[in-house]
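Take a look at the structure set out below.
Read-outs throughout are calculated quantities, based only on the coordinates presented, and are distinct from any laboratory measurement. Source: prediction; values computed, not measured. Heads up, the Cβs are rebuilt from the backbone with ideal geometry, glycines too, and the neighbour counts pull from every protein chain shown.
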């Protein structure tokens, strides 16, 4: 159907971004193709050590799923998006395809072994998260292609993660957000992935901050180095949510807190995470 | 942009009553409720998915009806504030808002009561944190929220016997 209608058609998932954009006349599609009536597009399954999330899975379904809860960082992300009304409608596939620079899912998923399965009349293909979002509001999707499924490898027991967002109020996008997934052996960090949100055109992998921790004992000194590296990697713009300087300070603090929570979770502790309002 | 917009037919169940409607596909759910069905208890506060005054239940889930197209509700069950009171009796949630002074101007109240209805249907004894989270998407410019939190907790008590 999307092939027939051409580039002026937009698929409609949860509509929690597209409908507001249309009201502002920032999006003006000739046709909308509502995906909500297609059966079998919303599911959360575990399959051979992987989570499989149907593209139309609502944020609230992921928030309340015991299976998705096996990756606490995913629960943090789902439960912290906007408010209950938006989570009841908004979908993970729609959020990724929208590729808003302040979107939550792309940041959280950038720290996990994650593939985005896309489908079109020409068949299916699977892209790693890093290749899916190519720029602000831009993905690798062809006009007649849809997100079908998101697969995430379930990290080992020795691994812990956290997703933390700082926002001015529940219904708005975060001012900054950070995701951390790390594996510990004693107090030495075996492996780590860190991603930053709202401080660039896409989610940013904080490679220097990762290098500051990987194979190192995590103490005040390595934490400070990682924070400095995250601050340097961030490329924020001043806007109504805060100045660029403020966001750099914020992202460093969020990275530190997310690392600390990820370590506690890697050690088996249950830690509740909620967005920080400021 | 076509000159005349072709109408489409939908079937919706609103507050237990079935309606067959013909409407333009661009019509929002809140416009359908207020303008076609004359159910004006659902308010439009911001029309930007922020304030939650337009909150209704769509198949039991709270949604902002300014951010759902009416055609997307085809085949669905909608609950609005008009369904809360029955036979001249206020719903326990409505009673609690009166008793706890959970409203002042009342503009945001229908939306908040519907968000509370989803919470209290799923969770008979919510914690204060859960109450706060349940209405994080609803803006009130009068009360400062404290009495709204109290009203929802009181409603939970009221509904225990029900």
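Would you kindly give the portion of the calculated P(r) for region B:44-98 that falls above 15 Å, as a percent of all Cα pairs? Everything past 15 Å amounts to 56 percent. Largest GNM mean-square fluctuation among A:57, A:95, A:238, using chain A with Cα springs under 10 Å: A:238.
In the distance distribution for chain B, Cα-Cα pairs more than 26 Å apart total 27 percent.
Its convex hull of Cα atoms gives region A:159-223 a direction-averaged projected area, equal to a quarter of the hull surface, of 5.0 nm². Taking other C-beta atoms within 10 angstrom as a stand-in for reagent exposure, A:276, B:148, A:19 fall in the order A:276, A:19, B:148, fewest first. Between the Cα long axis of helix B:109-122 and the first principal axis of chain B there is an angle of about 70°, rounded to the nearest 10.
Here is how the number arises for chain B: DSSP H runs of 4 or more residues each give -39500 (n - 2.57), the sum is divided by the residue count, and the result at 222 nm is -8500 deg cm²/dmol.
Per residue of chain A, the DSSP helices (runs of n ≥ 4 H) give a summed -39500 (n - 2.57) that works out to -9000 deg cm²/dmol at 222 nm. Highest GNM mean-square fluctuation among B:119, B:90, B:69, for chain B modelled with Cα contacts below 10 Å: B:90. Modelled spin labels at residue B:90 and residue B:11, positioned 7 Å past Cα toward Cβ, are 3.7 nm from each other. Taking a cut-off of 14 Å, what percent of all Cα-Cα pairs in region B:92-161 are separated by more than that? In whole percent, the share of Cα-Cα pairs in region B:92-161 beyond 14 Å is 49. DSSP finds beta bridges in chain A, and of those with both partners inside it, around 90 percent are antiparallel.
Each residue in B:22, A:52, A:87 was given a count of other beta-carbon atoms within 10 angstrom of its own, and listing them fewest first yields B:22, A:52, A:87. With angles folded into 0 to 90 degrees, how steeply does helix A:244-266 sit against the dominant principal axis of chain A? Use alpha carbons for both and round to 10. Its long axis makes an angle of about 80 degrees. Among A:188, B:131, the ranking by other beta carbons within 10 Å of each residue's beta carbon, starting with the fewest, stands as A:188, B:131. Remark: C-alpha extents of region A:163-278 on the principal axes read 42, 28, 22 Å, sorted largest to smallest.
Looking at region A:1-88, the DSSP beta bridges with both ends there are about 50 percent antiparallel.
Dividing the Cα radius of gyration of the protein assembly as shown by 2.2 N^0.38 Å, with N the residue count, gives 1.01. Apply 1/(1 + (r/R0)^6) to the Cβ-Cβ distance of residue A:43 and residue B:74, taking R0 = 25 Å, and write down the FRET efficiency to the nearest 0.05. It comes out at approximately 0.65.
The orientation-averaged projected area of the convex hull spanned by the Cα atoms of region B:8-83 comes to 4.2 nm². Considering only A:129, A:240, A:227, the Gaussian network model of chain A with Cα springs below 10 Å gives its largest mean-square fluctuation to A:240.
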